[in-house]
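Structure first, commentary second.
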Amino acid sequence: MYTQAMDLMGKEGRAEAPVLRSAEELALEARFDERIDAGEFIEAKDWMPEHYRKTLLRQISQHAHSEIVGMLPEGNWITRAPTLKRKAILLAKVQDEGGHGLYLYAAAETLGTSRDQMFEALHQGKAKYSSIFNYPTLSWADMGVIGWLVDGAAIMNQVPICRCSYAPYARAMVRICREESFHQRQGFDSLLTMMKQGTQAQKDMVQDAVNRWWWATLMMFGPPDDQSPNTAQSMRWGIKRISNDDLRQKFVDATVEQAQLLGVSLPDPELRWNEERQHYDFGAIDWDEFWRVVNGDGPCNRERLAARVKAWEGGAWVREAALAHAAKHSEAPRKQA
Ligand code: FAQ
């Protein structure tokens, strides 16, 4: 049984004292595993093993934090967009990311943790968010490249989550994926305009941005499968449908042709089609850099966290006012009665 086996292992894989379960709980687990095997969706009100709940909460809250922190690198360029059209598009995109965070916090709340608790974990540096948002946005071309590569990678990872076994997460992902698709297209369109109609300096700026974002984008899919502690269990539970390495490969395969259309080169001398595998081979990813960034020591980790804490503290009066307003309105009908 999937769930019982997991509970005998600590987070680092060390054996822990076996958890004793009642016959009733074992029966509930067996029924839960049957439902997962049958491809049924699990709703918030349904019984679920504690480890399933915690795994979902970990992934969904990290995902929500990624969307919210992910507003910062692009938000940085709203005032510097080159045209009104590009500014309106970027504004809409950054607002969408905020909306995605909210859908995801709401999905995570169905698992019994409040949004305030999740924010607190983020602000204390205890909660993770995607490594990619700890890199700086140095030029306008970074806006296009984030849309094309970062949103492209996000879609590749998130489309399978629309079929995730936990229904509130799956439902949120359907809407998010539709919007991410617009995000990816606007990025590609912006780069295509610069590459086809731009000056040499603009083309160089695009190539420089691609060179800086390529490897960090490949890291978004997470560590290699044989070093990913969560993948096997999450796949058995239908939380993840495709493994980190397989998604990364799908992304590389799809992106090479898009790069050719744009007329940019990808910064990997080992990138080439492998006829036998029917996939692109690509060079080694610097996993030391990945773990440094995940563990808080990337180029912008401190700046990103400080910006979120400042926004939270600066917004305290708005939350208080909204609560006071809601309390006043919930009292009003009783007074009238
Ligand atoms: N960054 O065992 P695994 C976006 C952590 S949204 C930081 O493989 P898992 C939209 C992982 O949490 C981007 N940490 O873990 C947008 C775990 O640590 P833990 C976010 C990472 O969960 C675009 C440890 O390493 N998307 O881009 C990363 O099975 C533009 C071991 O890893 C999602 O969150 C990383 N890249 O697989 C917004 C999608 N990778 O928790 C604005 C949903 C791994 O044990 C602008 N999430 N770690 O302490 C997922 O699909 C999965 O959680 C993975 C990781 C694939 C990210």
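For segment 129-147: of the residues being near the ligand (Cβ under 9 Å from one of its atoms) and assigned to a helix (DSSP H, G or I), which is surrounded by the most Cβ atoms within 10 Å (Cβ to Cβ)?
Filtering segment 129-147 down to residues near the ligand (Cβ under 9 Å from one of its atoms) leaves 129-134, 146-147.
With the extra rule that they be assigned to a helix (DSSP H, G or I), the set shrinks to 131-134, 146-147.
Values: 131: 22, 132: 23, 133: 26, 134: 24, 146: 28, 147: 25.
Residue satisfying both the conditions and the ranking: 146.
Could you say which residue among 199, 217 is open to solvent by 60 Å² or more (accessible area, probe 1.4 Å) and farther than 30 Å from residue 35 by Cβ? Talk me through it step by step, then tell me what you get.
Values: 217 fails: open to solvent by 60 Å² or more (accessible area, probe 1.4 Å).
Within the list 199, 217, the selection yields 199.
In this structure, does residue 49 turn out to be buried (at least 17 other Cβ atoms within 10 Å of the Cβ) and in contact with a Pro (Cβ under 9 Å, 6 or more places away or on another chain)? It would help to see each step written out before you state the result.
Values: buried (at least 17 other Cβ atoms within 10 Å of the Cβ): yes; in contact with a Pro (Cβ under 9 Å, 6 or more places away or on another chain): no.
The answer is no for residue 49.
Answer with yes or no whether residue 56 is assigned to a helix (DSSP H, G or I), touching a strand residue (DSSP E or B) at 6+ places or on another chain (Cβ under 6 Å) and at pLDDT 95 or above.
Details: assigned to a helix (DSSP H, G or I): yes; touching a strand residue (DSSP E or B) at 6+ places or on another chain (Cβ under 6 Å): yes; at pLDDT 95 or above: yes.
Yes.
Scan segment 261-301 residue by residue and report those that are assigned to a helix (DSSP H, G or I) and within 16 Å of the ligand (Cβ to nearest atom). Write out each step before concluding.
First pass over segment 261-301, keeping only residues assigned to a helix (DSSP H, G or I): 261-262, 287-294, 301.
Across segment 261-301, the qualifying residues are 287, 288, 289, 290, 291, 292, 293, 294, 301.
Is it the case, given these coordinates, that residue 150 is more than 11 Å from the ligand (Cβ to nearest atom), under 30 Å from residue 241 (Cβ atoms) and of a type in the set (A, V, I, L, M)?
So residue 150 fails the test.
Of these, 295, 301, which one is in contact (Cβ under 8 Å) with a residue 24 or more places away in the chain and either hydrophobic (A, V, I, L, M, F, W, C) or closer than 22 Å to residue 70 by Cβ (or both)? Give the steps one after another, and end with the answer.
Values: 295 fails: in contact (Cβ under 8 Å) with a residue 24 or more places away in the chain.
Result of the check over 295, 301: 301.
List the number of the failed condition for residue 160; all other conditions in (1) more than 9 Å from the ligand (Cβ to nearest atom); (2) over 18 Å from residue 70 (Cβ atoms) hold.
Failing condition for residue 160: (1).
Taking residue 151 as meeting all but one of (1) touching a Phe, Trp or Tyr at 6+ places or on another chain (Cβ under 6 Å); (2) surrounded by 23 or more Cβ atoms within 10 Å (Cβ to Cβ), write down the number of the exception.
(1)
For segment 158-174, which positions are of a type in the set (S, T, N, Q) and touching a Gly at 6+ places or on another chain (Cβ under 9 Å)?
At the first step, the residues of segment 158-174 found to be of a type in the set (S, T, N, Q) are 158, 165.
The one that is of a type in the set (S, T, N, Q) and touching a Gly at 6+ places or on another chain (Cβ under 9 Å): 165.
Only residues that are part of a loop (DSSP other than H, G, I, E, B) and either crowded, with 24+ Cβ neighbours inside 10 Å or more than 11 Å from the ligand (Cβ to nearest atom) (or both): list them for segment 106-128, please. Walk me through how you get there before you give the answer.
At the first step, the residues of segment 106-128 found to be part of a loop (DSSP other than H, G, I, E, B) are 110-114, 124-128.
Answer for segment 106-128, where residues must be part of a loop (DSSP other than H, G, I, E, B) and either crowded, with 24+ Cβ neighbours inside 10 Å or more than 11 Å from the ligand (Cβ to nearest atom) (or both): 110, 111, 112, 113, 114, 124, 125.
Out of 249, 258, 227, I need the residue that is away from the ligand (no atom under 12 Å from the Cβ), on the phi < 0 side of the Ramachandran plot, touching a Phe, Trp or Tyr at 6+ places or on another chain (Cβ under 9 Å) and open to solvent by 50 Å² or more (accessible area, probe 1.4 Å). Which one? Break it down stepwise before answering.
On the way: 249 fails: open to solvent by 50 Å² or more (accessible area, probe 1.4 Å); 227 fails: away from the ligand (no atom under 12 Å from the Cβ).
The unique qualifying residue is 258.
Would you tally the residues in segment 87-105 being more than 14 Å from the chain's Cα centre (by Cα) and within 16 Å of the ligand (Cβ to nearest atom)? Can you show your working first?
Step one: of segment 87-105, the residues more than 14 Å from the chain's Cα centre (by Cα) are 87-95.
The next check asks that each one be within 16 Å of the ligand (Cβ to nearest atom); those that pass are 89-95.
Adding up the residues that qualify gives 7.
Give the residue that is most open to solvent (accessible area, probe 1.4 Å), with candidates limited to residues of segment 70-96 that are more than 16 Å from residue 180 (Cα to Cα) and in contact (Cβ under 8 Å) with a residue 40 or more places away in the chain.
80
Filter segment 294-331 for residues that are under 20 Å from residue 127 (Cβ atoms) and among the basic types (Lys, Arg) and give the result.
Matches in segment 294-331: 302, 304, 308, 310, 319.
The values are calculated or read from the model by the stated rules, or taken from the named source; none is laboratory data. Values in this document were obtained by computation on a predicted structure and should not be read as measured data. Reconstructed Cβ throughout: ideal geometry from the backbone, glycine too, with neighbour counts over all protein chains shown. The accessibility values were calculated without ligands, DNA or RNA, using every heavy atom of the protein model including side chains. Shrake-Rupley method; radii C 1.70, N 1.55, O 1.52, S 1.80 Å.
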